[in-house]
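Here is the structure we will look at, set down as structure tokens.
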Amino acid sequence: MELSGVYPILATPFDDDGNVDYCSLEILVDFISKSGVQGLTSFLKPSLKCINNHIAKIAQSTSLQIIVQYAPNESGIILDSSFFIELNNQWTNIRHIKVKSVPSGPLISQITQ
């Protein structure tokens, strides 16, 4: 799958109680999708269950390619390769991961084996 074009970082809308506003998220994904981008980049930060739910909502909302950005130093959340392998197996529009860990090589090697 070729990776080229514009992949903006997707903002996460929240309601007044601090929960993810999924209705607004779907509207945002639809708006961005219609603006001519080739895919979306999502920043991960919450618990594993929240991450899975969030990514599922994004993946279900669009046929665009999705890049999942994994930044453990910034988010404070450590995920192992099995999480990313499962994303790849579960969603056809998630085929790219932006890894911002140091060093990134070991995780990438585990994912691509």
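For this structure, a couple of remarks:
- Residues that are of a type in the set (A, V, I, L, M, F, W, C) and farther than 22 Å from S4 by Cβ were ranked within region 32-55; the one that is surrounded by the fewest Cβ atoms within 10 Å (Cβ to Cβ) is L48.
- The one condition in (1) within 23 Å of S104 (Cβ to Cβ); (2) among the hydroxyl-bearing types (S, T, Y); (3) in contact (Cβ under 8 Å) with a residue 12 or more places away in the chain; (4) exposed (fewer than 12 other Cβ atoms within 10 Å of the Cβ) that S82 fails to fulfil: (3)
- Take the conditions (1) of a type outside the set (K, R); (2) loosely packed, with under 11 Cβ neighbours inside 10 Å; (3) modelled with pLDDT of 90 or more; (4) assigned to a loop (DSSP other than H, G, I, E, B); T92 misses just one of them, which is (2).
- Flag for T62 being under 21 Å from G5 (Cα atoms) and exposed (fewer than 14 other Cβ atoms within 10 Å of the Cβ): no
- Selection status of D15, out of contact with any His (no Cβ under 6 Å at 6 or more places or on another chain), surrounded by 15 or more Cβ atoms within 10 Å (Cβ to Cβ) and without any contact (Cβ under 8 Å) to a residue 24 or more places away in the chain: no
- Filter result for L107 (surrounded by 11 or more Cβ atoms within 10 Å (Cβ to Cβ), modelled with pLDDT under 90 and part of a loop (DSSP other than H, G, I, E, B)): no
- If you go through region 67-84 and keep only what is in contact with a helix residue (DSSP H, G or I) (Cβ under 6 Å, 6 or more places away or on another chain) and either assigned to a loop (DSSP other than H, G, I, E, B) or β-branched (V, I, T) (or both), you end up with just I78.
- Scanning region 13-56 for residues that are over 22 Å from I85 (Cα atoms), in contact with a helix residue (DSSP H, G or I) (Cβ under 7 Å, 6 or more places away or on another chain) and of a type in the set (S, T, Y) returns a single hit, Y22.
- Search result, residues across region 77-99 that are aliphatic (A, V, I, L, M) and either under 10 Å from the mean Cα position of the chain (by Cα) or closer than 18 Å to E2 by Cβ (or both): L87, I94, I97
- In region 18-38, the residues that are part of a loop (DSSP other than H, G, I, E, B) and either touching a residue at least 60 places away in the same chain (Cβ under 8 Å) or closer than 21 Å to I97 by Cβ (or both): V37, Q38
The values are calculated or read from the model by the stated rules, or taken from the named source; none is laboratory data. Keep in mind the model is a prediction, meaning the values are calculated, not measured. We place every Cβ from the backbone using ideal geometry, glycine too, and count neighbours over all the protein chains shown.
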